[in-house]
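The values are calculated or read from the model by the stated rules, or taken from the named source; none is laboratory data. All values reported here derive from a predicted model rather than from experimental measurement. Positions of Cβ are backbone-derived with ideal geometry, glycine not excepted, and every protein chain shown enters the neighbour counts.
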Amino acid sequence: MSEIPTWEPSRLIRRPILRYGVFSLVVLYVATTLFTMEIDWPRVLTGFSRAGDILARMFPPSFSRWELLAKGVLESVQMALAASFFGMLLAIPLGLCAAVNIAPKPVYLVARAILALSRTFHEVIIAIFFVKIFGFGPLAGVLTLIVASMSFIGKMLAEDVENMNMGQVEAVRATGASFPRLLIYAITPQMLPRYLGVSIYRLDANIRHSTVVGIVGAGGIGQTLAASFSRYDYDFSLAILLTIISLVFLGEFFSNWVRGQLR
């Protein structure tokens, strides 16, 4: 009577020697990194007590300066909405030019280079750059989020155009339609639902990122939060953090509702 084979989970690396060798190298790398980072462990231990002191001073949260809080929240929402709107508009020509199946090769290469360059740097790095140019305030934040929105939506749009059904495009092209008509009757019907869904997601992300770029002086509630920490107003800082959490939750509910309406 033959033995019943025992089931074994699939492994990424099947050979045991190679698998344990890779695991040992990872452990060795992590240990080496911890020793070479020159971590001041006594200072780390001191930080825990300092964290406890900060948390104790945060409670209860203070909403006494609600006017300043409301101004920062309104500024963040305005930044997110303006950046999402202009980012959506700029992403359309950029995404179409970055699709290899509809754009000439030179145009495609230039558009792809713009997408790659704009997505190379984090929003905080771009915000610092615009703050140095235009100074502190929401203008730097809006420009930062426009660049981030344009690159994100543009890349998603370009990939969707490259993966679309070309049969419908060829059918419309066979009628002798010009490129604008081809865009309206063949490309837009296939791309519009995905484009709107990605744009709504980006709006939700911009609400979160508007609180981050403000920390480096690019306006919004993040700038208010950074100022409260620098003044050691930890009770007001907690009120700002709770407001940011509520704002992000509202943005999440709104984006889910809009995506539900688009289905």
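Determine which member of the set Leu145, Leu183, Leu139, Leu157 is surrounded by fewer than 20 Cβ atoms within 10 Å (Cβ to Cβ), within 28 Å of Ile207 (Cα to Cα) and touching a residue at least 40 places away in the same chain (Cβ under 8 Å).
Selected residue: Leu139, the only one of Leu145, Leu183, Leu139, Leu157 that is surrounded by fewer than 20 Cβ atoms within 10 Å (Cβ to Cβ), within 28 Å of Ile207 (Cα to Cα) and touching a residue at least 40 places away in the same chain (Cβ under 8 Å).
Please count how many residues of the stretch 195-218 are under 16 Å from Glu159 (Cβ atoms) and surrounded by 24 or more Cβ atoms within 10 Å (Cβ to Cβ).
1
Out of (1) modelled with pLDDT of 80 or more; (2) part of a helix (DSSP H, G or I); (3) farther than 30 Å from Ile133 by Cβ, the odd one out for Phe254 is which?
(1)
How many residues are part of a helix (DSSP H, G or I) and either at positive phi or surrounded by 20 or more Cβ atoms within 10 Å (Cβ to Cβ) (or both) if we restrict to the stretch 160-180?
Qualifying residue count, the stretch 160-180: 2.
Pairs, please: C-beta under 6 Å, at least 6 apart or cross-chain, first residue under 16 Å from Thr243 (Cα atoms) and without any contact (Cβ under 8 Å) to a residue 40 or more places away in the chain and in the stretch 219-232, second small (Gly, Ala, Ser) and assigned to a helix (DSSP H, G or I)?
Short answer, once both residue conditions are applied: Ser228/Ser237; Phe229/Ser237.
Specify the residue that is surrounded by the fewest Cβ atoms within 10 Å (Cβ to Cβ); the eligible residues are those in the stretch 94-112 that are small (Gly, Ala, Ser) and in a loop (DSSP other than H, G, I, E, B).
The extreme case among them is Ala103.
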